[in-house]
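Asks: Dumping the structure here so I can ask a few things about it.
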Amino acid sequence: MSDIQQAMALLINAFDKYSGKEGDKFSLNKAELKELLENELGTLLGKANDKAAVDRIFKDLDRNKDNSVDFNEFVTLVCCLTQMCHEYFIGKK
């Protein structure tokens with residue numbers, strides 16, 4: 001697999017690892033999202049253990065207001081974080 005294909009597979013696997021632990025296997029509830037943020041993105045999101053921050057992130061990601069974060073909504077977060085990291089490292093050059 002190419003690097004991008006591997007990255008795509010890793011994203012899918014990370015989402016699947018946390019989704020459905022407490023219900024729908026195709027979405028994350030707030031507790032599952034919090035666990036994913038803490039374990040997978042903790043160094044990028046220093047406030048993953050801050051309840052108010054997690055509530056804000058969840059609300060912002062839950063575009064269709066179904067009280068869950070589906071894969072498309074999750075990918076939005078990953079894309080935004082990736083863009084921010086890219087901009088940060090370009091500024092460091």
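Asks: How big is the chain by the Kirkwood estimate over distinct Cα pairs, in Å? Before the final figure, lay out the partial values.
Replies: Numbers: mean 1/r = 0.0720 Å⁻¹.
For the chain, the Kirkwood estimate is 13.9 Å.
Asks: Counting only heavy atoms of the protein chains, get the accessible area per residue of the chain (1.4 Å probe) and round it to a whole Å² value. Please list the in-between numbers first.
Replies: Values: 6550 Å² over 93 residues.
Here the per-residue accessible area is 70 Å².
Asks: Still on this structure, please answer the following. Could you list which residues have their amide H under 5 Å from that of S27, counting only those 5 or more apart in sequence or on another chain, with H placed in the peptide plane?
Replies: Residues meeting the amide H criterion: G20.
Asks: Another question, if that's okay. R0 = 30 Å: FRET efficiency of E87 with D24, Cβ-based, nearest 0.05?
Replies: Values: r = 34 Å, r/R0 = 1.13.
Efficiency, from the Cβ-Cβ distance: 0.35.
Asks: Output wanted: per-residue J couplings in Hz (rounded whole) for the range 71-80, from phi through Karplus 6.51 cos²θ - 1.76 cosθ + 1.60, θ = phi - 60°, x for Gly and Pro.
Replies: Using θ = phi - 60°, the values come out as 4, 4, 5, 5, 4, 4, 4, 4, 5, 4 Hz.
Asks: In the chain, what percent of the accessible surface is made up of carbon and sulfur (1.4 Å probe, ligands and nucleic acids excluded)?
Replies: Working: 3720 of 6550 Å².
Carbon and sulfur together cover 57 percent of it.
Asks: Still on this structure, I have one more. For a Förster distance of 22 Å, can you work out the FRET efficiency between the beta-carbons of M8 and T76, rounded to the nearest 0.05?
Replies: That gives a FRET efficiency of 0.90.
The values are calculated or read from the model by the stated rules, or taken from the named source; none is laboratory data. Remember, predicted model here, so these are calculated numbers, not experimental data. Cβ atoms come from the backbone with ideal geometry, glycine included; neighbour counts cover every protein chain shown. Surface areas here come from the heavy atoms of the whole protein model, side chains and all, with no ligands, DNA or RNA. Shrake-Rupley method; radii C 1.70, N 1.55, O 1.52, S 1.80 Å.
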